[in-house]
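Worksheet for the structure shown next.
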Amino acid sequence: MEFVASMVDTVFRPLKDYFARTVGYVVSCGDYIDALSHEMNELKSKRDDVKRMVDAAERQGMEATSQVKWWLECVAVLEDAAARIVDDYQARLQLPPDQAPGFKATYHLSKKADDAREEAAGLKDKADFHKVADELVQIRFEEMPSSPVLGRDALLQELHSSVRDGDVGIVGIYGMAGVGKTALLNKFNNDFLVNSHDINVAIYIEVGKEFDLNDIQRIIGDRLGVSWENRTPKERAGVLYRVLSKMNFVLLLDDVWEPLNFRMLGIPVPKHNSKSKIVLTTRIEDVCDRMDVRRKLKMECLPWQPAWELFREKVGDHLMSASPEIRHQAQALAMKCGGLPLALITVGRAMASKRTAKEWKHAITVLKIAPWQLLGMEFDVLEPLKKSYDNLPSDKLRLCLLYCSLFPEEFSISKDWIIGYCIGEGFIDDLYTEMDEIYNKGHDLLGDLKIASLLEKGEDEDHIKMHPMVRAMALWIASDFGTKETKWLVRAGVGLKEAPGAEKWNGAERISFMRNNILELYERPNCPLLKTLMLQGNPGLDKICDGFFQFMPSLRVLDLSHTSISELPSGISSLVELQYLDLYNTNIRSLPRELGSLSTLRFLLLSHMPLETIPGGVMCSLTMLQVLYMDLSYGDWKVGASGNGVDFQELENLRRLKALDITIQSVEALERLSRSYRLAGSTRNLLIKTCSSLTKIELPSSDLWKNMTNLKRVWIVSCSNLAEVIIDSSKEPDNSNALPRSILQARAELVDEEQPILPTLHDIILQGLHKVKIIYKGGCVQNLASLFIWYCHGLEELITVNEEQDMAASGNEQGSGAFRVITPFPNLKELYLHGLAKFSRLSSSTCTLHFPALESLKIVECPNLKKLKLSAGGLNVIQCTRDWWDGLEWDDEEVKASYEPLFRPLR
């Protein structure tokens with residue numbers, strides 16, 4: 001009987017339980033939901049405990065175990081599923097009775113809740129982990145592909161020293177494309193970082209132009225052994241920061257194009273005395289500054305010897321056994337690469353199979369005229385350089401860069417020269433009211449190009465240069481990537497004796513034949529698209545045929561400077577769009593009346609030429625003129641009964657004029673200039689020449705100068721009766737009788753402080769003034785930087801002190817009694833004395849001249865000057881002949897010894 005009962009129970013109990021669950025699922029759905037919620041609350045409490053332990057471990061530089069990660073993921077998935085079940089149940093309770101779900105739907109919902117409850121219970125039982133995190137498995141160092149880095153040993157050592165310097169956290173290496181920054185970084189990683197004992201990890205990342213935050217974080221995380229599953233960028237940053245903060249790391253960031261936000265990446269910026277470092281390379285110097293780089297290293301192109309060694313290596317051993325002619329051509333070709341390793345490698349490989357001198361000569365011609373045609377140049381050199389061009393933020397910058405390619409290779413370009421062209425072409429607008437402001441905008445553009453490693457410093461701060469390969473890239477772009485070779489017809493500095501035939505000019509937009517040996521232009525080219533024509537620097541060019549300019553209706557810039565032309569050809573009035581005309585240092589004596597038809601002209605440069613005749617009405621017709629340079633040129637202005645030439649009123653009618661260099665030959669013209677507020681304010685360089693009625697000049701407080709707020713240079717030459725150049729800034733205003741002295745003195749001090757007289761005057765030249773004395777009465781010429789005195793044969797001393805002047809009147813005098821120290825030029829940097837036959841002393845025995853800023857003193861042909869009595873603590877060079885120097889008399893040997901290191905002999 002018991003056996004039968006047992007069999008019945010075995011057979012029917014599952015059916016009974018199934019029936020009970022089925023009915024229960026339908027009848028007690030809410031109970032299953034409550035049971036699920038209770039179990040999930042307990043599971044989430046367990047989850048929170050585990051996450052707190054994981055977070056604490058990660059702060060110690062550890063990472064959750066794979067089992068814990070899996071468990072947390074399962075809990076997260078179940079939590080979402082449970083929430084959907086509860087939400088479904090709550091939604092059912094809101095339905096009206098006639099829309100309530102049937103038994104089947106209720107059954108399924110309860111079963112989901114019951115299954116989820118069982119899963120939650122199972123996960124809860126698995127939450128007792130022996131450990132929640134392990135130490136990270138890091139790859140400490142990776143050796144990078146590297147090749148020999150020729151000529152970079154000193155830079156490598158400097159980089160190593162910078163990384164070891166406790167005061168430096170971030171090191172930046174900048175330089176142009178192809179200069180070898182990546183190779184240097186790889187070499188540094190392999191030679192100095194791999195197996196370094198005090199660095200925990202070194203990570204190299206090629207950032208690139210299209211960098212992605214996630215990719216950078218992933219690369220760092222992979223090297224540190226950090227897993228990124230289900231973490232946001234912000235969470236990843238937190239993990240990276242916690243891990244990296246606990247170790248000494250070196251992060252190598254290659255090819256950075258814009259500043260990286262280390263905080264968003266999770267990279268801790270190394271602190272003072274930290275062994276951790278960040279080293280980055282970039283083409284753009286500004287990136288270093290915007291990333292707070294504390295040590296910037298500029299990577300220059302290779303000097304000649306390592307450049308030649310690299311080139312020979314790529315050409316191959318046969319170059320060494322080649323003929324002397326081929327070796328000579330090879331050296332010329334290597335020189336044209338400008339020391340750029342990428343170009344040296346590319347050109348060297350292209351020439352590896354060339355065995356004849358003619359092939360090498362052809363390669364030089366190609367590299368000079370159409371470098372993109374040389375094997376490998378377009379894709380291996382010009383394309384990488386073009387990325388820097390493409391990255392420039394404006395079309396103005398791109399056009400300004402292309403314009404620099406019109407100059408010869410390795411030519412040191414005057415910044416003002418190129419800026420004037422760009423203004424004439426319209427690349428630099430004239431939204432500013434002052435010409436200096438417009439030029440400052442141009443200087444800013446050139447500065448941006450230098451920062452982008454596309455231009456280099458020239459012979460000084462006022463000049464720039466273009467690397468040969470950057471110039472090749474610019475010409476390639478300007479010729480529509482080599483498809484239109486004469487679009488920019490550039491043959492600058494290549495030794496042309498004749499200009500290319502007129503048929504080659506037809507489709508040109510810019511032409512440069514500057515610095516050649518062209519003698520004559522006898523054809524009339526048809527150039528409807530031509531905007532710039534540069535013919536300057538052809539010293540033998542003395543004839544341009546009539547009608548030459550007849551078919552150049554779009555020409556905006558014309559430069560004929562430094563040629564021998566003696567007249568402008570007829571037909572120049574056809575240049576209806578011309579804005580920039582440079583005739584500097586030509587032999588032109590008379591301007592044609594046709595010039596008055598150039599109504600759009602904005603720049604007219606007529607300096608350093610024997611100009612004698614300007615037809616009446618020409619000047620005042622140039623109503624758009626903004627810049628007029630005429631120093632060492634025409635000066636016979638008619639003012640009243642004085643002068644025989646152009647009426648000065650024509651200059652005053654130039655209402656747009658912003659910059660004027662002018663030659664003046666009469667006192668009347670000088671006074672008229674000083675009274676003309678517009679012309680005086682525009683005057684930059686003033687040449688006073690052969691003005692026999694001029695007997696005295698006062699600086700700086702004379703009424704003559706009060707409107708010349710932009711005057712930079714005063715040059716006084718061959719004024720036979722000029723006897724006094726007076727330095728006196730202590731003069732009181734004209735209404736001195738109307739106001740108390742105390743008020744006048746206070747107002748004078750305010751004027752001196754806020755509105756200095758002649759604030760921009762930097763240069764004074766006194767030449768051929770046989771009677772002149774420089775008389776000091778008080779005050780100073782505040783910003784004068786250069787003083788040149790040439791062939792003033794009657795000058796006996798540099799400064800003649802007015803003995804009647806009250807010493808207390810000037811704050812620039814020190815001392816008492818019969819001796820004093822005076823400072824007439826507090827910012828003078830350069831003093832040049834030449835051909836002064838009677839010159840015997842700098843000042844009288846009762847005073848000493850103080851030059852606090854003087855750096856250079858040059859003395860030539862001053863035979864009677866036997867002593868140097870001056871105070872100049874910043875002086876670093878004295879130029880003179882050895883004989884004169886040896887003949888100087890010294891008060892004591894100590895003074896002589898202090899001056900001896902400054903001596904530089906003139907040859």
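None of the figures in this text is laboratory data; all of them are computed from the coordinates on show. No experiment lies behind these values; they were computed from the predicted model shown. Cβ sites come from the backbone with ideal geometry, for glycine too, and all protein chains shown count toward neighbours.
With a sphere of radius 10 Å drawn around the Cβ of PRO270, what net charge do the other residues whose Cβ falls strictly inside it have (Lys, Arg +1; Asp, Glu -1)?
+4
So what are segment 163-209's ellipsoid semi-axes, whole angstrom, largest first, if each one is the square root of 5 times an eigenvalue of the alpha-carbon gyration tensor?
Values for segment 163-209, descending: 21, 14, 11 Å.
Once the dipole of the chain is set up with Lys and Arg at +1 and Asp and Glu at -1 on Cβ about the Cα centre, which of CYS74, PRO101, VAL494 lies farthest towards its positive end?
Ranked along the dipole, the leading option is VAL494.
Give, in whole angstrom and from largest to smallest, the semi-axes √(5λ) of the equivalent ellipsoid of segment 208-364, with λ running over the eigenvalues of the Cα gyration tensor.
47, 16, 13
So in the chain, what percent of DSSP beta bridges are antiparallel if you round to the nearest 5? Let's see the in-between values first.
On the way: 12 of 110 bridges.
Percentage antiparallel, nearest 5: 10.
Using amide H atoms built in the peptide plane, which far-off residues or other-chain residues are under 5 Å from ILE688 H to H?
HN-HN under 5 Å from ILE688: ILE664, TRP715, ILE716, VAL717.
So what is log10(I(q)/I(0)) for segment 308-419 at q = 0.10, 0.17 1/Å, when the Debye sum runs over its Cα atoms only?
Once normalised to I(0) and log-transformed, intensities are -0.35, -0.86.
Tell me, what ³J(HN,Hα) does each residue in segment 27-40 have, in order and in whole Hz, if you take phi through Karplus 6.51 cos²θ - 1.76 cosθ + 1.60 with θ = phi - 60° and put x for Gly and Pro?
7, 10, 4, x, 5, 5, 5, 5, 5, 5, 4, 4, 5, 5
For the residues VAL163, VAL895, what sequence is obtained by ranking on other C-beta atoms within 10 Å, fewest first?
Going from sparsest to densest Cβ surroundings: VAL895, VAL163.
How large is ³J(HN,Hα) for each residue in segment 284-297, as worked out from phi by the Karplus curve 6.51 cos²θ - 1.76 cosθ + 1.60 (θ = phi - 60°), to whole Hz, x for Gly and Pro?
For segment 284-297, the Karplus-derived couplings read 10, 4, 4, 4, 4, 5, 7, 10, 6, 5, 9, 9, 9, 10 Hz, x marking Gly and Pro.
Fully extended, how many nm does the chain gain between THR760 and ALA83 (0.36 nm per residue separation, minus their Cα-Cα distance)?
In short, 235.9 nm is gained.
Mind listing the long-range amide H neighbours of LEU455? Cut-off is under 5 Å, sequence gap 5 or more, other chains count too, H placed in the peptide plane at 1.01 Å from N.
For LEU455, whose amide H was placed from the backbone, the distant partners under 5 Å are LYS450.
For the chain, what is the charge dipole size about the Cα centre, in debye to the nearest 20, if Lys and Arg each add +1 at the Cβ and Asp and Glu each add -1 at the Cβ? Before the final figure, lay out each step's value.
Numbers: 107 positive and 126 negative charges, 268 e Å.
Dipole magnitude for the chain comes out near 1280 debye.
For ASP286 and LEU213 in one chain, what is 0.36 nm times their gap in residues minus the Cα-Cα distance, to one decimal in nm?
Difference between extended and current length: 24.2 nm.
By how many nm would the segment from ASP460 to SER692 grow when fully extended, if each residue of separation counts as 0.36 nm and the alpha-carbon distance is taken off?
79.7 nm
Where Lys and Arg each count +1 and Asp and Glu each count -1, what net charge lies around VAL366 among other residues with Cβ under 11 Å from its Cβ?
Combined, the nearby Lys, Arg, Asp and Glu give +2.
5 Å is the cut-off here: which amide hydrogens, built 1.01 Å from N in the peptide plane, fall below it relative to CYS847, excluding neighbours closer than 5 in sequence?
It is ARG820, by chain and number.
Counting other beta carbons within 10 Å of each residue's own, what order do LYS484, LYS275 fall into, fewest first?
Values: LYS484 13, LYS275 16.
So the ranking, lowest neighbour count to highest, is LYS484, LYS275.
Hey, what do the phi angles of segment 520-526 turn into as Karplus ³J(HN,Hα) couplings, whole Hz, using 6.51/-1.76/1.60 and θ = phi - 60°, x for Gly and Pro?
Result, ordered by residue: 7, 10, 10, 9, 10, x, 9 Hz.
For the residue pair TRP228 and HIS197, what label-to-label distance in nm results when each label sits 7 Å from Cα along the Cα-to-beta-carbon direction?
Between TRP228 and HIS197, the label points sit 3.6 nm apart.
Once Rh for segment 380-474 is found with the Kirkwood sum over Cα pairs, what is the Stokes-Einstein diffusion coefficient at 4 °C and 1.567 mPa s, in µm²/s?
Rounded to a whole number, D works out at 97 µm²/s.
Treat each spin label as a single point 7 Å out from the Cα along the C-beta direction, and report the ALA76 to LYS896 distance in nm.
Label at ALA76, label at LYS896, 8.8 nm between them.
Translational diffusion coefficient of segment 153-298 at 25 °C, 0.890 mPa s, Stokes-Einstein with Kirkwood Rh over Cα pairs, in µm²/s as a whole number.
159
To the nearest 20 debye, what is the magnitude of the charge dipole of segment 478-714 about its Cα centre, counting +1 on the Cβ of each Lys and Arg and -1 on the Cβ of each Asp and Glu?
With Lys and Arg at +1 and Asp and Glu at -1, about 640 debye.
Dipole of the chain (Lys/Arg Cβ +1, Asp/Glu Cβ -1, origin at the Cα centre): which of MET466, SER666, LEU265 lies farthest to the positive side?
MET466
For labels at ASP444 and HIS318 in the simple 7 Å Cα→Cβ model, what's the distance in nm?
According to this spin-label approximation, the distance is 5.6 nm.
Of the options SER412, TYR439, LEU374, report the single residue whose Cα projects farthest towards the positive end of the charge dipole of segment 369-492 (beta-carbon charges: Lys, Arg +1; Asp, Glu -1).
LEU374
Name the residues of segment 583-608 whose amide N is less than 20 Å from a point 7 angstrom out from the Cα of SER566 along the C-beta direction?
The answer is 583-594, 607-608, whose backbone nitrogens lie closer than 20 Å to the label point.
So what is log10(I(q)/I(0)) for segment 478-714 at q = 0.08, 0.11, 0.12, 0.14 1/Å, when the Debye sum runs over its Cα atoms only?
For segment 478-714, the Cα-only Debye profile gives -0.34, -0.60, -0.70, -0.89.
What is the calculated FRET efficiency for VAL877 to ILE364, with r their C-beta to C-beta distance and R₀ = 45 Å, to the nearest 0.05?
So the FRET efficiency works out to roughly 0.65.
Compute the long axis of helix 103-125 from its Cα atoms, compare it with the longest principal axis of the Cα atoms of the chain, and write down the angle in degrees, 0 to 90, nearest 10.
Long axis of 103-125 versus the principal axis of the chain: about 70 degrees.
Quick one: net charge around TRP476, please, counting Lys, Arg +1 and Asp, Glu -1 for every other residue with C-beta under 12 Å from its C-beta.
Around TRP476, the surrounding residues sum to 0.
Could you tell me what fraction of 2.2 N^0.38 Å the Cα radius of gyration of the chain comes to, as a two-decimal ratio?
1.40
Do the alpha carbons of any pairs in LYS457/LYS497; LYS277/LYS387; LYS829/LYS867; LYS777/LYS869 sit beyond 22 Å of each other, and which pairs?
Working: LYS457/LYS497 31 Å; LYS277/LYS387 28 Å; LYS829/LYS867 20 Å; LYS777/LYS869 20 Å.
The pairs that break the limit, which is 22 Å between Cα atoms, are LYS457/LYS497; LYS277/LYS387.
Between GLN649 and LYS497, what's the calculated FRET efficiency when r is the beta-carbon distance and R0 is 35 Å? Round to 0.05.
Given R0 = 35 Å and the Cβ-Cβ separation, E is 0.15.
Hey, quick one: spin label on ASP436, modelled 7 Å out along Cα-Cβ, who in segment 600-632 has an amide N within reach, i.e. under 17 Å?
Residues passing the 17 Å test: 627-628.
Where the centroid of each part is defined by its Cα atoms, how far is segment 145-221 from segment 474-513 in Å?
42
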